[in-house]
Amino acid sequence: MDSKQSKMNVLMLPWLAHGHISPFLELAKKLSERNFHIYLCSTPINLDSIKKRITDKLSLSIELVEIHLPSMPELPPHHHTTNGLPLHLNSTLQKAFEMASPNFSNILKTLGPDLVIHDFYPSWAPSIASSNNIPAIKFVIGGAAVLSVTRHVINHDGGVEFPFPAIKLQGYHETQYRHFLENAKASRDRQVAPVNEQLSCNLVLFNTCRELEGKYIDYLSVIGDKKVVPVGPLIQGMIDDENEQSDIIQWLDNKGESSTVFVSVGTKGFVVLPLKSGDLSSFLFV
């Protein structure tokens, strides 16, 4: 009997950013230890960057599946990722991903997975899975605290205080956050995402754990429309890329205690820090 037939086959579709693909891959590794066969689907340029993290043993349970985006003159294949993508092409990449729905439909029909685990984007993943009688589950690669604040603001529109005062926006920051949510809602209302969201299973996976965010997990499950299931924290093991990281580790070994700050802002984040000379000896940006 084919080993795939004796396992539950899961197709994963992360957003086209390494900050999303990496936790999806870590979740795939965890599931592969529990008799799941994983198809990890992304663009060729993204899959090329993680092939070395699929060991011979993992390759028995994790297959990389290419999804090709429509040809666009301003978005050549090496830009089918947020890694190194010029800022003005972000919306173009989102548009191209949205246009790839026929390719994803063909992938589902060819592979016939038992389950689809998808990211917040693209919007069509749940509906295409549903049309093929395949259940779909969203996987949120971040924590539950911020999403619980967001859902609270949306539900109560400022009329009720957030129950956990440790996280509280005030003044300018609260105003700006509300403007952000209003703009996001207006954009969302113009798309089919709200309809497709209802087609996902009645639970959502979060890259967090109860030890860190138990109260936010419970609150989000109550005020949201889905049960929150923590599956993390999912952290890339150092052993996976020991050679790649050795230079960084050696560099850190030469630094004094409390002399280096690690800042991770993602592939679309830009940070400017005005520091006086001598405040910190080193910064490590990712």
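Just so it is clear, none of the values below were taken in a lab; they were calculated from the coordinates. In this text, all values refer to a predicted model and were calculated from it rather than measured experimentally. Cβ placement follows ideal geometry from the backbone for every residue including glycine, while neighbour counts extend to all protein chains displayed.
Multiplying each eigenvalue of the alpha-carbon gyration tensor of region 8-68 by 5 and taking the square root yields semi-axes of 17, 12, 11 Å, largest first, rounded to whole angstroms.
Cα centroid separation, region 5-82 to region 115-187: 24 Å.
Summarised as an ellipsoid, region 44-133 has semi-axes of 23, 20, 11 Å, derived from the eigenvalues of the Cα gyration tensor scaled by 5 and square-rooted, with the largest first. Exceedance of the 25 Å cut-off in Cα-Cα distance is limited, within the set K95/K138; K168/K255; K30/K255, to K168/K255; K30/K255.
Of all the C-alpha pairs in region 3-238, what % are more than 24 Å from each other? I get 50 percent for the Cα pairs in region 3-238 exceeding 24 Å.
Electrostatic bookkeeping for I107 treats Lys and Arg as +1 and Asp and Glu as -1; over the other residues with beta carbon under 13 Å from its beta carbon, the sum is -1.
Between the amide H of I38 and those of V10, I62, E63, distances stay under 5 Å, these residues lying 5 or more places away or on another chain, with hydrogens modeled in the peptide plane. Applying a DSSP loop filter and a limit of 16 other Cβ atoms within 10 Å to the GluC sites (Glu not before Pro) in region 1-82 leaves E33, E74.
Length available on full extension from D56 to V146: 0.36 nm per residue minus the Cα-Cα distance, which gives 28.6 nm.
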